[in-house]
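Student: First the structure, then my questions, so here it is.
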Amino acid sequence: KADDNRTAATCAAAAGFARLAEDVLARAEFLAPSTVDKELGADAVHAAAADAARNRWGAAFAEAGVPTAAHASKLVAPAATPRQKRDRRYGELGFWSSGLVARAALDEYGSGRVRAGRPRKFVDLGSGVGRVTLAAALLQPGLEVLGVEIEPGLHDAATRATAALGGIATHALGDFLADDAAWDADAVFVNSTAFSPELVK
């Protein structure tokens with residue numbers, strides 16, 4: 001059984017539904033025009049180009065040795081305390097969901113930054129192996145992307161995947177709570193669903 005008492009069968013079913021939601025529903029939503037696309041007079045990302053970016057993303061993580069979340073979760077160091085176990089439980093988003101998150105987060109501010117001739121900046125705090133950061137960088141060329149991760153194993157995998165994609169994002173190893181520079185961005189993403197209430201506060 002999984003650590004939350006689900007059976008192997010229910011885990012497999014949940015994973016199957018998650019893949020369906022990611023590869024069909026999230027993809028369809030991503031390919032619809034965003035507010036920034038409309039304001040800049042740009043068309044929605046062409047499906048073939050977006051699918052090619054998805055394939056490059058997947059290949060980079062396979063090359064980095066973390067093709068799935070299950071592979072990545074094995075890189076998390078054993079927790080020393082019950083709270084640390086909650087705070088460092090591994091979770092991640094898929095490619096299309098990551099693209100939706102980055103685009104939605106930047107919609108309100110993105111067009112003004114582009115018109116001012118300055119790059120928009122997207123930061124993922126607790127970036128894991130870089131699924132969100134690298135999807136954002138691939139789907140929004142010219143975006144400055146930073147991920148901050150405290151787990152050395154996850155950070156190393158993110159560095160390898162980034163190198164496989166030509167260094168399109170930056171990943172830093174460290175505690176984002178102690179890194180003021182990490183919060184200097186147009187949009188900051190924190191996937192806090194696995195964190196303890198104490199850390200979220």
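Student: Return yes when Leu177 is modelled with pLDDT under 95, in a helix (DSSP H, G or I) and open to solvent by less than 70 Å² (accessible area, probe 1.4 Å) and no when it is not.
Tutor: no
Student: Turning to a different aspect of this structure: Can you name the residue in segment 180-189 that is surrounded by 15 or more Cβ atoms within 10 Å (Cβ to Cβ) and aliphatic (A, V, I, L, M) and, of all such residues, is modelled with the lowest pLDDT?
Tutor: The extreme case among them is Ala182.
Student: Of everything in segment 59-68, what is open to solvent by less than 50 Å² (accessible area, probe 1.4 Å) and either at pLDDT 95 or above or more than 16 Å from the chain's Cα centre (by Cα) (or both)? Give them in sequence order.
Tutor: Those that are open to solvent by less than 50 Å² (accessible area, probe 1.4 Å) and either at pLDDT 95 or above or more than 16 Å from the chain's Cα centre (by Cα) (or both): Ala60, Phe61, Ala64, Gly65.
This table checks each residue for (1) more than 12 Å from the chain's Cα centre (by Cα); (2) more than 19 Å from Phe95 (Cβ to Cβ).
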site	(1), (2)
Phe122	no, no
Gly130	no, no
Leu134	no, no
Val148	no, yes
Pro152	yes, yes
Thr162	yes, no
Leu165	yes, no
Ala169	no, no
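Student: Take the residues in segment 158-172 that are of a type in the set (Val, Ile, Thr) and in contact with a helix residue (DSSP H, G or I) (Cβ under 7 Å, 6 or more places away or on another chain); name whichever of them is most open to solvent (accessible area, probe 1.4 Å).
Tutor: Ile168
Student: Could you tell me whether Gly99 is modelled with pLDDT of 65 or more, surrounded by 24 or more Cβ atoms within 10 Å (Cβ to Cβ) and assigned to a loop (DSSP other than H, G, I, E, B)?
Tutor: no
Student: Got at least one residue in segment 148-157 being out of contact with any Gly (no Cβ under 9 Å at 6 or more places or on another chain), buried (at least 20 other Cβ atoms within 10 Å of the Cβ) and outside any helix (DSSP H, G or I)?
Tutor: No, segment 148-157 contains no residue that is out of contact with any Gly (no Cβ under 9 Å at 6 or more places or on another chain), buried (at least 20 other Cβ atoms within 10 Å of the Cβ) and outside any helix (DSSP H, G or I).
Student: Looking at segment 175-201, I want the residues that are farther than 25 Å from Leu100 by Cβ and have a partner that is at pLDDT 85 or above and open to solvent by 60 Å² or more (accessible area, probe 1.4 Å) with Cβ atoms under 7 Å, at least 6 apart or on another chain. Which pairs are those?
Tutor: Between residues of segment 175-201 that are farther than 25 Å from Leu100 by Cβ and residues that are at pLDDT 85 or above and open to solvent by 60 Å² or more (accessible area, probe 1.4 Å), the close pairs are Asp175/Ile150.
Student: Can we say Val76 is outside any helix (DSSP H, G or I), surrounded by 14 or more Cβ atoms within 10 Å (Cβ to Cβ) and modelled with pLDDT of 70 or more?
Tutor: Answer is yes for this residue.
The values are calculated or read from the model by the stated rules, or taken from the named source; none is laboratory data. Keep in mind it's a predicted model, so treat the numbers as computed, not measured. So basically every Cβ, Gly included, is an ideal-geometry build from the backbone, and we count neighbours across all protein chains shown. Please note that ligands, DNA and RNA were not included when accessible areas were found on the heavy atoms of the full protein model with its side chains. Shrake-Rupley method; radii C 1.70, N 1.55, O 1.52, S 1.80 Å.
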